[in-house]
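The values are calculated or read from the model by the stated rules, or taken from the named source; none is laboratory data. These figures come from a predicted structure and were not determined experimentally. Heads up, the Cβs are rebuilt from the backbone with ideal geometry, glycines too, and the neighbour counts pull from every protein chain shown. All accessible areas refer to the heavy atoms of the entire protein, side chains included, with ligands and DNA or RNA removed. Shrake-Rupley method; radii C 1.70, N 1.55, O 1.52, S 1.80 Å.
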Amino acid sequence: MPLPPPHPCSAEANLQAALALLLELQRQGLRRLVLCPGSRSAPLALAAGLLAEQGLELFCGVDERSAAFLALGLSRGDGRPAALVTTSGTAVANLLPAVVEADFGAIPLLVLSADRPARLKGCGANQTVNQESFLASSCRCLLQGDSRGLAAMELSDLRVFAQQAWAKALLPPWGPVHCNLPFEEPLHAPAESISRLQSELKAQPPEAASGEDLIPSLAAGAGEGLPFDLDRPGVVIAGPWRGRAEDLPGFAAALQRWQARTGWPVLADPLSGLRGWPGLSCVLSYDLFLAEGHQLPSAPQLLRLGPVPASRRLQAWIQRSAGVQLLVSEQDPRNLDALGTASQHWPHGLEAWLAQHPASRWDAPVAAGNQRWRDLWWAAEQQVQQRLDQLLPAQGLSEPGLARNLSRVLPADWGLMLASSSPVRDWESFSAPDAPCRSIDGFRGASGIDGTLSLAAGLAISRGPLVLLSGDLALLHDANGWLWLQQLRERGAQLTVVMVDNGGGGIFEQLPIRPALDFERLFAMPQAMDHLRWAEGYGIPAQRVESLEALPQAMAWAHGQTLSLLVVQTDRQADAQLRQSLRRTMVELATR
């Protein structure tokens, strides 16, 4: 059966269409683009190269999965969608883990995938797959270019296409948008066409980005009244922050206002951004003193902010609290009540929720009963923290001890990324209460270990100097993330990786499966390798940290490098036993 004839076009027309699309995205506010190699995507690659000469920040990487996570880190860093360009075929399939995380984590992202025209679909043409459906379930929307090829679209249509893509990524809840862009051959514009377009761009540079006014928000409707009695005890549960970085100070100020009126303790997840916030009193050790056997009462009222924290012990305590529970999310109308206990959900943010209630409600002093309730929690927190400072140094080099020491050693102006599994949980339980307030990120939307190193690289570029705390398997899972060294160096960015080498999946030691058949092989999966030599193969300077006392010196050395690795070897079986022992001790201490 004969194929339909191709739409008549030229390589220059393809390049002009790709350039028009990217120019409009840049006008909307696009600042960064991550490019993966390919032939079908050549018009997009050339257009990106031309715009890189006009201010677009261009990143080039060979591994689509790592590139997608770099773009995700860039987007998370400043809250503005980065664009990711790939060729057709399985290249698009490699983007799924990052797109899933962008979806669940409410991170804006633009995926621009080149494709074959529709006439080559379903007939066995090389590298032609149903890529338009690969990411559909996790994207805010799929936008399809003209099925005959992008060059068949009018300039006005290309502009509208780009505007829709940008707006959809930033429409609450923020998330990924997939733009699938067919290109008909020929694909590779000649040098004279490229030079002419280059001259035109120099003569008339792209319009300046429109700015923050293009970022929409949910329209806040009328609330259902204040569901709480402010003169009765309650607790605030602050989960991971999913809003924009620039909105966090206003959020924290609103929470301070609430706490000043009610006296309610704030149980702050490490990813909430609130630990160490000036003027805010947060309980950090809840995961320890809410362990099995605790005698702390359930909360009569709960104000829950954002997604539920990672602590299973805290989750169980929330489920036992039978009083009113209000869930407040920041511009995310989706159901975030994984525990099924919230009686109401306000998706317009804490500031908007408080603003709808009369100012006179906030003038009264804290009720006496609330003061006693607050003191009960604060006494438990102080006792646990003091005891941790006494017990952890005696344990030598342990993962809980590393979390506590690193929280104090890390400079206040450095950010932190916590890998999934053990690192984020240890920081939740054991980081120090006197550690400075800092930007802390973790990607717990889907809680995978995919792309850990590339995410950190994106954050370090878009936000500033960063430390990544990761386990060995999570780091190995994204080994190609080391290839971002040159991109970091070119931009003067700094990333220090602190890797816990516990010989495999330490998180499984904390589950009741150690007696299982061949535990090491089936669950822990230790990898026989020299991590220092592994890093050396990528040109990454690395050191081994032999003790917690050596950590400050090692960190000082690392801060002189662009990208470096510090290896901390621990005993995962001993650390699992230590965590259990500490929980038993803290429960007894807090409930005396």
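Looking only at segment 61-76, count how many residues are in contact with a Gly (Cβ under 9 Å, 6 or more places away or on another chain), open to solvent by 10 Å² or more (accessible area, probe 1.4 Å) and in a helix (DSSP H, G or I).
2
I'd like to check something: does segment 13-23 contain any residue that is among the small types (Gly, Ala, Ser), in contact with a strand residue (DSSP E or B) (Cβ under 9 Å, 6 or more places away or on another chain), outside any helix (DSSP H, G or I) and buried (at least 20 other Cβ atoms within 10 Å of the Cβ)?
No: zero hits.
Suppose we filter Ala535, Ala542 for residues that are open to solvent by 20 Å² or more (accessible area, probe 1.4 Å), within 18 Å of Ala474 (Cα to Cα) and of a type in the set (A, V, I, L, M, F, W, C); which single one remains?
When all the criteria are applied, what remains is Ala542.
For segment 122-140, enumerate the residues that are surrounded by fewer than 16 Cβ atoms within 10 Å (Cβ to Cβ) and not hydroxyl-bearing (Ser, Thr, Tyr).
The answer is Gly122, Cys123, Gly124, Ala125, Asn126, Asn130, Ala136.
Determine which member of the set Leu495, Leu459, Leu517, Leu468 is open to solvent by 10 Å² or more (accessible area, probe 1.4 Å) and not β-branched (Val, Ile, Thr).
Details: Leu495 fails: open to solvent by 10 Å² or more (accessible area, probe 1.4 Å); Leu459 fails: open to solvent by 10 Å² or more (accessible area, probe 1.4 Å); Leu468 fails: open to solvent by 10 Å² or more (accessible area, probe 1.4 Å).
When all the criteria are applied, what remains is Leu517.
Suppose the filter is surrounded by fewer than 20 Cβ atoms within 10 Å (Cβ to Cβ) and over 26 Å from the mean Cα position of the chain (by Cα); does Ala254 pass it?
Here the answer is no, as Ala254 does not meet what is asked.
Kindly indicate whether any position in segment 374-394 is outside any helix (DSSP H, G or I), open to solvent by less than 50 Å² (accessible area, probe 1.4 Å) and either free of Cβ contacts under 8 Å to residues at least 60 places away in the same chain or among the polar types (S, T, N, Q) (or both).
No: zero hits.
Residue by residue through segment 201-241, note down the ones that are open to solvent by 50 Å² or more (accessible area, probe 1.4 Å) and modelled with pLDDT of 90 or more.
Selection gives Asp229, Asp231, Arg232.
Report yes if some residue within segment 39-54 is in a loop (DSSP other than H, G, I, E, B), open to solvent by 30 Å² or more (accessible area, probe 1.4 Å) and among the small types (Gly, Ala, Ser); otherwise report no. Walk me through it before giving the result.
Step one: list which residues in segment 39-54 are in a loop (DSSP other than H, G, I, E, B), which gives 39-41, 53-54.
Keeping just the survivors that are open to solvent by 30 Å² or more (accessible area, probe 1.4 Å) gives 39, 53-54.
Subset that is among the small types (Gly, Ala, Ser): 39.
Within segment 39-54 (the criterion being in a loop (DSSP other than H, G, I, E, B), open to solvent by 30 Å² or more (accessible area, probe 1.4 Å) and among the small types (Gly, Ala, Ser)), the answer is yes, since at least one residue qualifies.
So Glu132 fits all but one of (1) over 18 Å from Ala17 (Cα atoms); (2) assigned to a loop (DSSP other than H, G, I, E, B); what number is the exception?
Evaluating Glu132 over (1) over 18 Å from Ala17 (Cα atoms); (2) assigned to a loop (DSSP other than H, G, I, E, B) leaves (2) as the failure.
Which residues, counting only those in segment 153-180, are open to solvent by less than 10 Å² (accessible area, probe 1.4 Å) and either part of a loop (DSSP other than H, G, I, E, B) or within 25 Å of Asp78 (Cβ to Cβ) (or both)?
Hits for segment 153-180 are Ala162, Ala165, Trp166, Ala169, Leu170, Gly175, Pro176, Val177, His178, Cys179.
Restrict the check to segment 331-338 and report whether at least one residue is under 25 Å from the mean Cα position of the chain (by Cα), surrounded by fewer than 15 Cβ atoms within 10 Å (Cβ to Cβ) and either under 23 Å from Ser285 (Cα atoms) or of a type in the set (A, V, I, L, M, F, W, C) (or both).
Within segment 331-338, one or more residues are under 25 Å from the mean Cα position of the chain (by Cα), surrounded by fewer than 15 Cβ atoms within 10 Å (Cβ to Cβ) and either under 23 Å from Ser285 (Cα atoms) or of a type in the set (A, V, I, L, M, F, W, C) (or both).
Mind checking whether some residue in segment 25-37 is assigned to a helix (DSSP H, G or I), free of Cβ contacts under 8 Å to residues at least 40 places away in the same chain and surrounded by 21 or more Cβ atoms within 10 Å (Cβ to Cβ)? Before you say what the answer is, go through the steps one by one.
Just the residues of segment 25-37 that are assigned to a helix (DSSP H, G or I), to begin with: 25-28.
Checking which are free of Cβ contacts under 8 Å to residues at least 40 places away in the same chain leaves us with none.
Looking for residues that are assigned to a helix (DSSP H, G or I), free of Cβ contacts under 8 Å to residues at least 40 places away in the same chain and surrounded by 21 or more Cβ atoms within 10 Å (Cβ to Cβ), one finds none in segment 25-37, hence no.
Based on what the data block shows, is Trp353 closer than 29 Å to Arg261 by Cβ, open to solvent by 20 Å² or more (accessible area, probe 1.4 Å) and among the aromatic types (Phe, Trp, Tyr)?
No: the conditions fail for Trp353.
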